[in-house]
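Structure, as structure tokens:
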Amino acid sequence: MMLMNVPPLTTTTMTPRPAAITYSVQRRTHRVSMGESYMLLPFKCEEGSQVCEGDVDGDFVRTYFDAEQRVSLLQVSYDGRSHMPDLATAVREHSLANNHGEFSLAVTLDKQGRVQSYVDVTNGIIYEQHSDDPGAGIVNVIYVKDGAPVLKHARHLAEVDKLAHDLYVELQMPAGVASVHAR
């Protein structure tokens, strides 16, 4: 009986990938979800990248990743478009689409005390205004992780509560379907 020179069998252990990050509400837009692996993005992204970006449905989308290569910040940029969405349109497309109609607006202020961005603290979404012309519309919509400092430090002001109420009326949400929460 002749034995062949066969290398011994070796076993390898696979390191399991960490479980997906879970969020208090689903945060998804343009076929990209917070906590999703870079491999599932609708545009090309190389392993090990800290940032990936691409065009999705005609809008520019940029993703930032955590150490496990999962989306930890998601930005949709409307800058450069001929018509940027107003706040009501952006809230309808992002906040209301993600959380069954609940949103709570607060603001971040610039050094002069002017509104820099609106923050939906319920859904973890920031709506950035155009810095040179706030009336021009929303230039960026940014999805952040639960516990992001901006969600804790955004300020609720009486004017914002009125704006939130006006948005509620403008969006013509039937009672019980959507609510605006003041903090």
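Label-point separation (nm) for Val51 and Val115, each offset 7 Å from Cα along Cα-to-Cβ?
In this crude label model, Val51 to Val115 measures out at 2.8 nm.
Give me the number: length gained by fully extending Thr89 to Glu68, i.e. 0.36 nm times residue separation minus the C-alpha to C-alpha distance, one decimal in nm.
Contour length minus Cα-Cα distance gives 4.2 nm.
Under 5 Å between amide H atoms, partner at least 5 residues away or on a different chain: which partners does Val56 have, H built in plane at 1.01 Å?
For Val56, the qualifying residues are Val61.
Ignoring solvent entirely, what values of log10 I(q)/I(0) come out of the Debye formula for segment 28-173 at 0.17, 0.22 Å⁻¹ when each Cα is a single scatterer?
-0.97, -1.46
Let me understand segment 48-119 better: what is its radius of gyration from the alpha carbons, and its Dmax, in angstrom?
Computed over the Cα atoms of segment 48-119, radius of gyration and Dmax are 14.6, 40 Å.
Throughout, read-outs are computed from the coordinates displayed, never taken from laboratory work. Here the structure is a predicted model, which is why all the values come from computation and not from measurement. Cβ coordinates were reconstructed from backbone atoms using ideal geometry, including for glycine residues, and neighbour counts include every protein chain displayed.
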